[in-house]
1. What number of residues within region 120-146 are closer than 16 Å to Q22 by Cα, open to solvent by 60 Å² or more (accessible area, probe 1.4 Å) and not charged (D, E, K, R)?
2. What do you reckon, is F116 within 17 Å of A48 (Cβ to Cβ), crowded, with 19+ Cβ neighbours inside 10 Å and modelled with pLDDT of 95 or more?
3. Of all residues in region 90-113, how many are over 15 Å from L40 (Cα atoms), among the acidic types (D, E) and open to solvent by less than 70 Å² (accessible area, probe 1.4 Å)?
4. Pick from F269, F294: which is at negative phi, within 18 Å of the chain's Cα centre (by Cα) and of a type outside the set (D, E, K, R)?
5. Evaluate region 324-331: report whether one residue or more is open to solvent by less than 30 Å² (accessible area, probe 1.4 Å) and either closer than 19 Å to V203 by Cβ or assigned to a loop (DSSP other than H, G, I, E, B) (or both).
6. H55 is checked against (1) in contact with a Pro (Cβ under 7 Å, 6 or more places away or on another chain); (2) crowded, with 21+ Cβ neighbours inside 10 Å and fails just one. What number does that condition carry?
7. Just give me the residues in region 316-333 being over 21 Å from the mean Cα position of the chain (by Cα) and touching a residue at least 40 places away in the same chain (Cβ under 8 Å), in sequence order.
8. Tally the residues that are open to solvent by less than 30 Å² (accessible area, probe 1.4 Å) and more than 19 Å from R109 (Cβ to Cβ), restricting the search to region 23-43.
Amino acid sequence: MLGFKEEEFLTQTRSALDLQGQIEEFVESIEQRGFDNVFLIGAGGTYAAMLPYEHLIRSRSTLPVQAAIGKELMLTDNPTFGAGSIAVFASVSGTTEDVLEAIEYARSRGAYTIGFTGFPESPFAAAVDVALVTEPKTWPFDLPLLLLSTRILNGRGEFDDYDELTRELKSLPETLVEVARQAEPLAEAFAEKNKDADYHFLVGAGNLWGFTYLYSMCILEEMQWLRTTRVHGAEFFHGSLELIEEDTSLLLFVGEDESRPLMERVGKFAENYNKNTTVLDTKDYELAGISGKFRALLAPLVLDTVTGRFSKHLERVRNHSLDLRRYYRVVEY
């Protein structure tokens, strides 16, 4: 597989799973101290990565939960954010300035903070009350966020399958390698077909809406300098569909949760009016060892693995390094 570092991938994914015990200890501690709500706070990709877990908790619990952009939260006098809040953060590098500022703000409001990062000596790890550390450069943080969300729900009697889920997740690193291998031909074909396309239209819904946002902005825009539109599957028919032409590169992110009918509707439209539709459907990927009832929960992680193959092939055909930046962390702004 092009540019796929299998051992590194396995090590990083396993390190995310290895946080289970520490996550459980953290949840036990907040259950004892008591809490009123959960805020999932990020910037850019880490904000987008929080959205599936806001969706998960909202769909199963009466616990108030909010995914928030750190910079906006700091400027909004939210009366529910304070001493009764659990504030969750993540940073791959441990140095993201917007996130560090948000942590400082959260602690000034009395919120109890937890953060996921790959660097134990980073400013990020020093700033949060509880830092849980993976192998360096581990991404995405879906596994720790899934474990945290489901363990919180489990403690409230709102997710009885927690123990079964965690047992099945043990085999996931190897399973995701097979997902990557299966996605390779599709990724190569997409890149070859769209190597000269400078505009891509991405649609997702449910627990894949956050990932749709992330792949559009943080990968195609930031890492490939491609113009994109990203729209929620339920909103597609309220204006955005007018941008679809026969040759528009249309990427549909389809999961297995309750939002699937929204994306199937978009797919039917695409069949009639577009000849360059790429459907990334988690149902197409075998997840060995994972029960059907848990597949939907893993959709963001599965498609992150799939699109990782897309990204490497786009990098190749466009001769544009995924590490190249013009402005981000390059200039003052």
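The values are calculated or read from the model by the stated rules, or taken from the named source; none is laboratory data. Every value quoted in this text rests on a predicted model; they were computed, and no experiment measured them. Heads up, the Cβs are rebuilt from the backbone with ideal geometry, glycines too, and the neighbour counts pull from every protein chain shown. In case anyone asks, the SASA skips ligands and DNA or RNA and just uses the protein heavy atoms, side chains included. Shrake-Rupley method; radii C 1.70, N 1.55, O 1.52, S 1.80 Å.
1. Result for region 120-146: 1.
2. yes
3. Summing the residues that are over 15 Å from L40 (Cα atoms), among the acidic types (D, E) and open to solvent by less than 70 Å² (accessible area, probe 1.4 Å) in region 90-113 gives 0.
4. F294
5. Within region 324-331, none of the residues are open to solvent by less than 30 Å² (accessible area, probe 1.4 Å) and either closer than 19 Å to V203 by Cβ or assigned to a loop (DSSP other than H, G, I, E, B) (or both).
6. With respect to (1) in contact with a Pro (Cβ under 7 Å, 6 or more places away or on another chain); (2) crowded, with 21+ Cβ neighbours inside 10 Å, H55 is out only on (1).
7. R316, V317, R318, H320, L324, R325, R326
8. 3
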